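Student: Can you read through this structure? Questions will come right after.
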Amino acid sequence: MKNIGIDIGGTFIKAAIVESKGKIVLSSKTPTPKTGADIPQKVIEMIDDLLQKAGVNISEIKSVGIGVPGVCDTKKGTIVNCPNIEGCKNIAICDYVSEKFNVKAYIDNDANCAALGEYTVSDIKSDSFVFVTLGTGVGGGIILGGRLLRGINSAAGEVGHIVIKQDGERCNCGRRGCWERYASVTALVRQARAAGFTGHVSGRSIFADKAKGNKKADEVIKKWLEYVAEGICDMVNIFQPDEIVIGGGISREGDIILDPVKAFADKYSIKDTNSPRNTQIRISKLFNDAGVVGASFLYTQN
Ligand SMILES: [Zn+2]
């Protein structure tokens, strides 16, 4: 049985037909409409187009899952508000899709979808799981007892806004010292600039400089990874999950990120030294596809 995942972003909408183990049959991507009101129709067109190109009949599709970059009502199947897309408010997108195709449709925020995607394709049979994504900010999703932790307005798991430095840098959320002000890729770039890097600086360029043996880049990354590790260690202590997955484009750097974070968490997390079981920390498998694959699995949560 196949499902369709839709990942609505501020810039692009991605759509994919996904098999039950998470393999993408066919995917597509199109610019997000200028106004939110046009999104449901665009999603319908993308689904029609995918089915046609893949030669898949709608009767083979069990459900459609939709991830959105904002607040949604998972019970009503509506987008409540996506602040980064104009006019993207109070849209009954699940009703629209399910009436059009006569399939069940589900919705959740994009970070929860990404968490669910990584959770579902994991090699570990876990029931407690934390996903952390390092990007413009630091996002996340939490799965406990096999269920997405949604919270009262489907926005639980906002791990980027735990405070790691009181009176630290000001965050968009209104507080100071949030983890994402130190551990996001945006923060890494800011830290590199403060260390004297000029011109076009990106997460990728800093890692490339480090790979070329640049000492300053090495120091900046070392410090940034300490910030990343502080928060990951908090996740271990709070949830003691079976697994923590680090995602976002920067996670493609792999062991350069993973090794120091694991060493830090291993040193400082609270554990039973008699127990051989520890939280496994790994890098994302799905990278940019986590959202669209996870959206296709939303039916497992409803
Ligand atoms: Zn914050």
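Residues checked against (1) touching a residue at least 12 places away in the same chain (Cβ under 8 Å); (2) of a type outside the set (A, V, I, L, M, F, W, C):
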residue	(1), (2)
ASP242	yes, yes
SER251	yes, yes
PRO260	yes, yes
ASN274	no, yes
GLY291	yes, yes
ALA295	yes, no
ASN302	yes, yes
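Student: Filter the range 17-63 down to residues that are among the basic types (Lys, Arg) and under 22 Å from ASN288 (Cβ atoms) and give me whichever is surrounded by the most Cβ atoms within 10 Å (Cβ to Cβ).
Tutor: So the residue we want is LYS42.
Student: For the range 1-57, list the strands (runs of 3 or more DSSP E) that sit wholly inside it and hold at least 2 residues that are more than 14 Å from ILE93 (Cα to Cα) and in contact with an Asp or Glu (Cβ under 8 Å, 6 or more places away or on another chain); which are they?
Tutor: 12-19, 24-31
Student: Now, a different point. Do we have ALA290 as more than 29 Å from GLY9 (Cβ to Cβ) and either assigned by TED's automatic domain parsing to the domain that holds GLY67 or aliphatic (A, V, I, L, M) (or both) here?
Tutor: Here the answer is no, as ALA290 does not meet what is asked.
Student: When the residues of the range 50-73 are filtered to those that are of a type in the set (Gly, Ala, Ser) and in contact (Cβ under 8 Å) with a residue 60 or more places away in the chain, which remaining residue is nearest to ALA37 (Cα to Cα)?
Tutor: So the residue we want is GLY67.
Student: Please state which of the following conditions SER296 fails to meet, knowing it meets all the rest: (1) surrounded by 18 or more Cβ atoms within 10 Å (Cβ to Cβ); (2) closer than 20 Å to SER205 by Cβ.
Tutor: Condition (2) is where SER296 drops out.
Student: Of everything in the range 145-170, what is within 11 Å of the ligand (Cβ to nearest atom) and either crowded, with 18+ Cβ neighbours inside 10 Å or within 30 Å of THR120 (Cβ to Cβ) (or both)? Give them in sequence order.
Tutor: Those that are within 11 Å of the ligand (Cβ to nearest atom) and either crowded, with 18+ Cβ neighbours inside 10 Å or within 30 Å of THR120 (Cβ to Cβ) (or both): GLU158, VAL159, GLY160, HIS161, ILE162, ILE164.
Results for (1) touching a strand residue (DSSP E or B) at 6+ places or on another chain (Cβ under 9 Å); (2) assigned by TED's automatic domain parsing to the domain that holds GLU230; (3) in contact (Cβ under 8 Å) with a residue 40 or more places away in the chain, shown as yes or no for each residue.
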{"position": "THR136", "(1), (2), (3)": "no, yes, yes"}
{"position": "LEU148", "(1), (2), (3)": "yes, yes, yes"}
{"position": "GLY151", "(1), (2), (3)": "no, yes, no"}
{"position": "ASN172", "(1), (2), (3)": "yes, yes, no"}
{"position": "ARG181", "(1), (2), (3)": "yes, yes, no"}
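Student: Right, something else. Identify all residues within the range 183-192 that are in contact (Cβ under 8 Å) with a residue 12 or more places away in the chain, of a type outside the set (A, V, I, L, M, F, W, C) and either near the ligand (Cβ under 7 Å from one of its atoms) or surrounded by fewer than 24 Cβ atoms within 10 Å (Cβ to Cβ) (or both); write none if there are none.
Tutor: THR186, GLN191
Student: What is the number of the single condition among (1) free of Cβ contacts under 8 Å to residues at least 24 places away in the same chain; (2) closer than 30 Å to ASP95 by Cβ that ASP209 does not meet?
Tutor: Among (1) free of Cβ contacts under 8 Å to residues at least 24 places away in the same chain; (2) closer than 30 Å to ASP95 by Cβ, ASP209 violates only (2).
Student: Are any of the residues in the range 106-126 in contact with a Ser or Thr (Cβ under 6 Å, 6 or more places away or on another chain), assigned by TED's automatic domain parsing to the domain that holds ASP49 and surrounded by fewer than 24 Cβ atoms within 10 Å (Cβ to Cβ)?
Tutor: Checked against the condition, which is being in contact with a Ser or Thr (Cβ under 6 Å, 6 or more places away or on another chain), assigned by TED's automatic domain parsing to the domain that holds ASP49 and surrounded by fewer than 24 Cβ atoms within 10 Å (Cβ to Cβ), the range 106-126 yields no hits at all.
Student: Might you let me know whether the range 224-235 holds any residue that is within 28 Å of ARG147 (Cα to Cα), of a type outside the set (S, T, N, Q) and either assigned by TED's automatic domain parsing to the domain that holds ILE24 or surrounded by fewer than 16 Cβ atoms within 10 Å (Cβ to Cβ) (or both)?
Tutor: Scanning the range 224-235, I find no residue that is within 28 Å of ARG147 (Cα to Cα), of a type outside the set (S, T, N, Q) and either assigned by TED's automatic domain parsing to the domain that holds ILE24 or surrounded by fewer than 16 Cβ atoms within 10 Å (Cβ to Cβ) (or both), so the answer is no.
The values are calculated or read from the model by the stated rules, or taken from the named source; none is laboratory data. A quick note: this is a predicted structure, and the numbers were derived from the prediction, not measured. Neighbour counts are summed over all protein chains in view; Cβ atoms, including those assigned to glycine, are modelled from backbone coordinates with ideal geometry.
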